[in-house]
Structure formats: structure tokens, C-alpha cells
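Asks: I'd like to ask you about the structure that follows.
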Amino acid sequence: QVHVVESGGGLVQAGGSLRLSCTASGSIFIFMDWYRQAPGKQRDLVASISSGGTTNLVESVKGRFTISRDNAKNTVYLQMNSLKPEDTGVYYCKAWGPGEYWGQGTQVTVSS
């Protein structure tokens, strides 16, 4: 059985930093992604990383966020620096290839 668990969210002031972690157990996945869902909005992709280390970040977080991965631990990290109020939302981890599995999400709140 596959479990995807996120951690590391919290409340931070604008300009601060947070590090999110996501561990997928039960299988090895080629891709692991971070999504963000702001209040009242759809869930959007923020960053992705393959097992080979290829990364992709959306334009709005480039230069501020870094995605990394520890394949031995089947864990992906999202280092978020210079946080802005518009980064507020629930951050979800998706592990896929093969199958597709979502975590329950972790809340990130950035105060101005």
C-alpha cells in the first residue's frame, strides 16, 4: 500500500523560509511534484523532479524555491525562501510513475 506524507508547513512572515518534505512509501516513483492550492483557487503545479534529478519550477517561484530529492529515502524537499503572501496555500505532494498518489497536504501561511 502506498502512503504519501507531507510535513514542514506553518506560519511565517513575508521574506521568511520554510522547508517542506514529502515521503512516499510502498513504491518507487519516477516523478514527485509539489502543487499549491490557494484559498478559492485550483490546485496548481509549483515544482517537479524526476528520479534522475531533472527539475522544473514555475516562473513565479524561480530564484526563490528549490526542489530536491533523496532517492534512497524516496523523499522530496521543497526549500522555500523569500516567501510572499501569495505563496499562501495548501501544498500537496504527488508521487507518480507508476500510478498516481497524493498526500493530504500541508498548510503554508505567509503573513505580510
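The values are calculated or read from the model by the stated rules, or taken from the named source; none is laboratory data. Computed from a prediction, not measured in an experiment: that's the story for all the values here. We place every Cβ from the backbone using ideal geometry, glycine too, and count neighbours over all the protein chains shown. SASA here: full protein model, heavy atoms, side chains in, ligands and nucleic acids out. Shrake-Rupley method; radii C 1.70, N 1.55, O 1.52, S 1.80 Å.
Asks: How large is the accessible surface per residue of the chain, computed with a 1.4 Å probe and reported in Å² as a whole number? Don't jump to the answer; show the numbers that get you there.
Replies: Numbers: 5810 Å² over 112 residues.
Spelled out: the 1.4 Å probe surface of the chain, per residue, equals 52 Å².
Asks: Quick one: dipole size for region 28-71, taken about the Cα centre, charges +1 on Lys/Arg Cβ and -1 on Asp/Glu Cβ, in debye to the nearest 20.
Replies: 160 debye
Asks: Taking every pair of distinct Cα atoms and averaging 1/r, then inverting, what Kirkwood hydrodynamic radius in Å comes out for the chain?
Replies: On the way: mean 1/r = 0.0723 Å⁻¹.
Evaluated on the chain, it is 13.8 Å.
Asks: Still on this model: What's the Kirkwood radius of region 47-112 in Å, using all Cα pairs?
Replies: Working: mean 1/r = 0.0765 Å⁻¹.
Result for region 47-112, one decimal place: 13.1 Å.
Asks: Whole-Hz ³J(HN,Hα) for each residue in region 58-68, computed from phi via Karplus 6.51 cos²θ - 1.76 cosθ + 1.60 with θ = phi - 60°, x for glycine and proline: what do you get?
Replies: Residue by residue, region 58-68 yields 6, 4, 5, 10, 4, x, 10, 10, 9, 10, 9 Hz.
Asks: Using the crude model of +1 on Lys and Arg Cβ and -1 on Asp and Glu Cβ, and no other charge, please compute the dipole size for the chain relative to its Cα centre, in debye to 20. Don't skip to the answer; put the middle values down first.
Replies: Details: 10 positive and 8 negative charges, 24 e Å.
That gives a dipole near 120 debye.
Asks: As I understand it, the dipole of the chain uses +1 on the Cβ of Lys and Arg and -1 on the Cβ of Asp and Glu, about the Cα centre. Which of Gly105, Thr23, Val61 lies farthest toward its positive end?
Replies: So the residue we want is Val61.
Asks: Also, I was wondering about something else. Excluding ligands and nucleic acids, what accessible area in Å² is computed for Thr75 using a 1.4 Å probe, to the nearest 10?
Replies: Here the accessible area works out near 10 Å².
Asks: Shifting gears a bit: With a 1.4 Å probe and all protein chains left in place, how much of the accessible area of the chain comes from carbon and sulfur atoms, in whole percent? Let's see the in-between values first.
Replies: Working: 2860 of 5810 Å².
Of the solvent-accessible surface of the chain, carbon and sulfur hold 49 percent.
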